[in-house]
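What follows is a single structure, written as C-alpha cells, with notes after it.
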Amino acid sequence: MFHYKVNGELELRLFELRHAEILFALVEQNRDRLRAWLSWVDDSQSSQDTEKFIINSLQEFTSERGFAAGIWFHNQLVGSIGLHDISWSDRKATIGYWLSETVEGKGIMTNACRAIINYAFQELKLHRMTIRVQPENHRSRAIPERLGFQKEGILRQDNWMYDRYIDLIVYGLLADEWQCDRAGSLGIVVETAR
Ligand SMILES: CC(C)(COP(=O)(O)OP(=O)(O)OC[C@H]1O[C@@H](n2cnc3c(N)ncnc32)[C@H](O)[C@@H]1OP(=O)(O)O)[C@@H](O)C(=O)NCCC(=O)NCCS
C-alpha cells in the first residue's frame, strides 16, 4: 500500500474499498463545484460507482501505471490526488486532484502535490511530471505555478466535459528543475509494498 506522511497534519493513503462510502459522501457534498472542472462527476452516482473507481485505482497501482490516494487532514478524508498515466519508457506521469471546499485556502493541495512530485522524482525516478488545467480554473492553475511548473502550451478541445469540448493548459516540470526550496521537507513514505 502507498502511505505518505506529508507532515503532522497531512497524509496521503492509497484508496481501499473500505473508503468507498466516505469518498462518495465527499463527492456528494462537493458535486456542483467538482462538476465545473472534472469530467467524471456524473459517472459517480452511488457508493458502488465509487467502489468501481477504487478497484480501477488499485489495478492501476498493482500494474505500476499510477494510483489514487485519499488526502487525510487531521485524520479526516478531505480530497483525492492521483498519479496517472505513468510511462516507464518516457519516465513521465501526470497528476490530478480535487479538494473539499471546506478545507480550501490552507495549502493542502500544494503540499500534497509536492509530496507526490518528491515521490515520483526521488522514489520512482521519473523524469517529467505534467498537470492539465482548464484556463479558467485559476485556483487549480495556481498550484503548478506555485510549484515552479512551466506553462508549456494549450491542448485545444482536449477533453469532453458533459456537453462540450474544453481546452486544457499543460504545465510541465522536469526532474532537474525540481529545486530543494520548492521540494520543501520530504515527508515520510510509510509503506509502498503491494
Ligand atoms: C483546485 C483546488 C484543489 C485548489 O485548492 P486550494 O485550496 O486553492 O489549493 P491549496 O490547498 O494548495 O491552497 C492554496 C491556498 O492556500 C494558501 N496557503 C496557505 N498556506 C499555504 C501553504 N503553506 N502553501 C501554499 N499555499 C498556502 C494559498 O495562499 C492559497 O490561497 P489563495 O487561493 O487565497 O491564494 C480546489 O479548488 C478544488 O478542488 N477545486 C475543484 C476541483 C478542481 O478544480 N480540481 C483540479 C482540476 S485540474
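Details
- Of the strands (runs of 3 or more DSSP E) contained entirely in the range 1-116, those carrying at least 1 residues that are open to solvent by 60 Å² or more (accessible area, probe 1.4 Å), touching a strand residue (DSSP E or B) at 6+ places or on another chain (Cβ under 7 Å) and not hydroxyl-bearing (Ser, Thr, Tyr) fall at 3-5, 76-87, 92-99.
Conditions (1) of a type in the set (S, T, N, Q); (2) in contact with a Gly (Cβ under 7 Å, 6 or more places away or on another chain); (3) closer than 22 Å to Gln29 by Cα, marked per residue:
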residue: Trp40; (1), (2), (3): no, no, yes
residue: Ser46; (1), (2), (3): yes, no, yes
residue: Leu58; (1), (2), (3): no, no, no
residue: Arg65; (1), (2), (3): no, no, no
residue: Ala68; (1), (2), (3): no, yes, yes
residue: Glu104; (1), (2), (3): no, no, yes
residue: Glu123; (1), (2), (3): no, no, no
residue: Asn137; (1), (2), (3): yes, no, yes
residue: Ser140; (1), (2), (3): yes, no, yes
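- Qualifying residue in the range 144-160 (condition: more than 16 Å from the chain's Cα centre (by Cα), in a helix (DSSP H, G or I) and at negative phi): no
- Positions within the range 91-110 being over 10 Å from the mean Cα position of the chain (by Cα) and near the ligand (Cβ under 6 Å from one of its atoms), in sequence order: Glu104, Gly105, Lys106, Gly107, Ile108, Thr110
- Residue that is nearest to the chain's Cα centre (by Cα), among those in the range 119-136 that are under 17 Å from Gly172 (Cα atoms) and within 15 Å of the ligand (Cβ to nearest atom): Ile131
- Residue-level analysis places Trp88 among those that are more than 14 Å from the chain's Cα centre (by Cα), of a type in the set (Phe, Trp, Tyr) and farther than 19 Å from Val133 by Cα.
- Failed criterion for Pro144 (all others in (1) within 13 Å of the ligand (Cβ to nearest atom); (2) loosely packed, with under 14 Cβ neighbours inside 10 Å; (3) not basic (Lys, Arg) hold): (2)
The values are calculated or read from the model by the stated rules, or taken from the named source; none is laboratory data. These numbers come from a predicted model, not from an experiment. No Cβ is skipped: glycine too gets one built from the backbone with ideal geometry, and neighbour counts run over all protein chains shown. Just so you know, the surface numbers come from the protein's heavy atoms only, side chains and all, with ligands and any DNA or RNA stripped out. Shrake-Rupley method; radii C 1.70, N 1.55, O 1.52, S 1.80 Å.
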